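Student: Okay, here's the structure, questions in a sec.
Please treat every number below as a calculation from the coordinates, not as lab data. Just so it is clear, the structure is predicted and the values come from calculations on it, not from any experiment. Using ideal geometry, Cβ is built from the backbone for each residue, glycine included, and neighbour counts are taken over all protein chains shown.
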């Protein structure tokens with residue numbers, strides 16, 4: 001926060017919700033930034049709970065992005081997110097694949113599916129982010145050679 005105190009928007013991958021809750025309390029509350037959580041559409045347990053206010057165990061989660069492939073949110077982070085998170089966005093797996101390809105080909109950054117969710121959401125939000133200082137946390141490069149090959153060959 002000291003290095004980049006003028007953040008307008010932070011877009012964060014959401015698994016169980018802990019990091020999104022932390023960003024909402026720090027970057028959101030302390031810096032006044034908009035904090036957006038993002039999940040894969042096929043694993044949207046936190047998205048549903050955030051919108052509906054009810055924690056339910058989902059029967060399945062369908063995404064290749066293992067780090068956000070959750071079937072239920074964590075209660076305390078969800079409570080914090082409901083109070084402080086500005087928005088939640090869903091992205092499809094093909095949008096994650098596009099984000100992974102762009103990170104690798106444009107910036108030489110290898111990211112796994114979960115790490116690419118913030119990029120996928122930013123690409124989806126497009127013009128809404130124009131002219132804003134946007135932070136996209138990217139962590140995790142746990143991507144097998146076979147999965148990377150599949151992602152790079154699909155267009």
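Student: Can you give me the distance in nm between label points at residue 147 and residue 102, each placed 7 Å from the Cα along the Cα-to-Cβ direction?
Tutor: The two pseudo-label positions are separated by 2.0 nm.
Student: Taking one equal scatterer on every alpha-carbon of the stretch 46-109, how large is log10 of I(q)/I(0) by Debye at q = 0.19, 0.25 1/Å?
Tutor: -0.83, -1.08
Student: A follow-up question, please. Work out, step by step, the length gained on full extension between residue 87 and residue 25: first 0.36 nm times the residue separation, then minus their alpha carbon distance; give nm to one decimal.
Tutor: Computed gain between residue 87 and residue 25 is 20.9 nm.
Student: Could you work out the equivalent-ellipsoid semi-axes for the stretch 95-155, taking the square root of 5 times each eigenvalue of the Cα gyration tensor, largest first, in whole Å?
Tutor: One finds semi-axes of 22, 12, 9 Å for the stretch 95-155.
Student: Based on the inverse mean of 1/r over its pairs of different Cα atoms, what is the Kirkwood hydrodynamic radius of the stretch 1-50, in Å?
Tutor: Computed over Cα pairs of the stretch 1-50, the Kirkwood hydrodynamic radius comes out at 11.3 Å.
Student: Please find the FRET efficiency linking residue 130 to residue 54, where r is the Cβ-Cβ separation and R0 is fixed at 25 Å, and quote it to the nearest 0.05.
Tutor: Approximately 0.10, to the nearest 0.05.
Student: Return an integer: the convex hull volume of the alpha-carbon atoms of the chain, in Å³ per residue.
Tutor: Spelled out: Cα convex hull of the chain, divided by residues, is 109 Å³.
Student: Another question, then. Going by how many other beta carbons lie within 10 Å of each one, how would you line up 63, 34, 145, fewest first?
Tutor: Fewest to most other Cβ atoms nearby, the residues stand as 145, 34, 63.
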